[in-house]
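All remarks here apply to the structure that follows.
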2 protein chains.
Amino acid sequence: MTGNSRFAVSVHVIAYLAYKAGAPVTSAEIAASVDTNPVVIRRLLSALVKARLVTGHKGVGGGFGMASAPANITLLDIYRAVEPQPDHGLERFSPNHKCPVGARIEIILRTAFFKAQTSMEAELARISLEDVHRQIKPVCTGKR
Amino acid sequence: MTGNSRFAVSVHVIAYLAYKAGAPVTSAEIAASVDTNPVVIRRLLSALVKARLVTGHKGVGGGFGMASAPANITLLDIYRAVEPQPDHGLERFSPNHKCPVGARIEIILRTAFFKAQTSMEAELARISLEDVHRQIKPVCTGKR
DNA sequence: TAGTTATGTAACCAACTTTGTTACGATATG
DNA sequence: CATATCGTAACAAAGTTGGTTACATAACTA
């Protein structure tokens, strides 16, 4: 049970917006789909709006909607919008620089983590919201 | 300050063992290099011994040492030894399955996370402890 | 065998993170 | 003006992490 669910929930949220494309969707409605509190959803949507992935409107008849076509949004866009830069534990890692190992290990680890992270992000960039949406649609339309 | 430092510290620990190759090294000595408590080091070493990356001996003249040549150990071996399988937040994510999005999103996310994780691990597998050791050695030997 | 050194691990604590919740102000609609 | 909705602060409960103490176990030395 390590880490947080912000990214997972955010993908769900945007997938829901794509699913309900057109009409504005309230945080309460999305919360019902995710099974959580509307404030949790609004917190994430706040970050997604700042990243220009989503638009939001207050007041009667307000709610949220996609800011662009699903084909133009990747999972990496969502990941970057809601997750801080991972530090892989280097924040709380300050070895003894008087030891040759302690003096050099940080830059070595930074380099390794950067490669690993870059590779992971490239994989997320290969998946678009359209890919996600395509796997949800059939349940509602096809099959009769 | 997200995540933990187990992997980072573990790489430091094994790099230190490689650096001190031959003689057994105590948890207290490693702790001085990492700048933490010996128990923290022994906790990680316990996992590394179980993964057969490291050997340990009790008693006078005891301590830890590498179980194989640095060329035969990759960062992925260390990662798997000390980190649990990441769940990317799916553990605490149980959407409403009555909603078509909630019903399908879990498997979609699982697939995406698996690809991302696999890609990241492949990158860690490309870095051996010998690569790490090579970047530490020069400080102690060369340059005169 | 006694004394010393070192590991193995349990128990506990403080600090931090994460999520859910209440509350309330701001804003848009009609 | 009344209502719906967002935006965000404040707080609590539960879990994670790293540091610390404590002590049992094991191995070496004399």
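The values are calculated or read from the model by the stated rules, or taken from the named source; none is laboratory data. Small disclaimer: the values here were computed from a predicted structure and weren't measured. As a convention, Cβ positions derive from the backbone with ideal geometry for all residues, glycine included, and neighbour counts pool all protein chains shown. We work out accessible area using only protein heavy atoms, side chains counted, and drop any ligands, DNA or RNA first. Shrake-Rupley method; radii C 1.70, N 1.55, O 1.52, S 1.80 Å.
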Expected max-MSF residue from B:Gly65, B:Gly22, B:Gly102 in the GNM of chain B (alpha carbon, under 10 Å) is B:Gly102
If amide H atoms are modeled at 1.01 Å from N in the peptide plane, then the residues at a separation of 5 or more from B:Asp35, or on another chain, having amide H under 5 Å from its own are A:Asn96
If each part is reduced to its alpha-carbon centroid, the range A:105-127 and the range B:70-89 end up apart, in Å, by 14 Å
Rounded to the nearest 10 Å², the accessible area of B:Met120 using a 1.4 Å probe with every protein chain kept is 20 Å²
For A:Ala28 and A:Ala103, extending 7 Å from Cα along the Cα-Cβ vector and measuring point to point gives, in nm, a value of 6.4 nm
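Using the alpha carbons of the protein assembly as shown, what is the convex hull volume per residue in cubic angstrom, as a whole number?
Cα convex hull per residue, to the nearest whole number: 156 Å³.
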With every protein chain in place, the accessible area of B:Arg42 for a 1.4 Å probe, in Å² rounded to the nearest 10, comes to 120 Å²
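State the three equivalent ellipsoid semi-axes of the range B:1-116, derived from the C-alpha gyration tensor as the square roots of 5 times its eigenvalues, in descending order and whole Å.
Semi-axis lengths for the range B:1-116 are 39, 14, 11 Å.
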Among the range B:70-89, those whose backbone N falls under 17 Å of a label point 7 Å along Cα→Cβ from B:Glu130 are B:70-78
Here the gain from full extension of A:Lys115 to A:Thr55, 0.36 nm per residue of separation minus their alpha-carbon distance, amounts to 18.3 nm
For A:Ile127, other-chain or 5+-apart residues with amide H closer than 5 Å (H placed, Pro excluded) are A:Leu75, A:Leu76
Listed by chain and number, the residues whose amide H is under 5 Å from that of A:Thr26, excluding neighbours fewer than 5 places away on the same chain and using placed H, are A:Phe64
In this structure, the FRET efficiency calculated for B:Thr2 and A:Ala122 from their beta-carbon separation, with R0 = 30 Å, to the nearest 0.05, is 0.90
Summing -39500 (n - 2.57) over every DSSP H run of at least 4 in chain A, dividing by its residue total and rounding to the nearest 500, the 222 nm mean residue ellipticity is -16500 deg cm²/dmol
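How would A:Glu83, A:Glu130 line up by accessible area, probe 1.4 Å, largest first? List each step's numbers first, then the result.
Numbers: A:Glu83 35, A:Glu130 85 Å².
The ranking, largest first, comes out as A:Glu130, A:Glu83.
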Partner shielding of B:120-130, as the mean number of partner chain Cβ atoms within 10 Å, equals 4
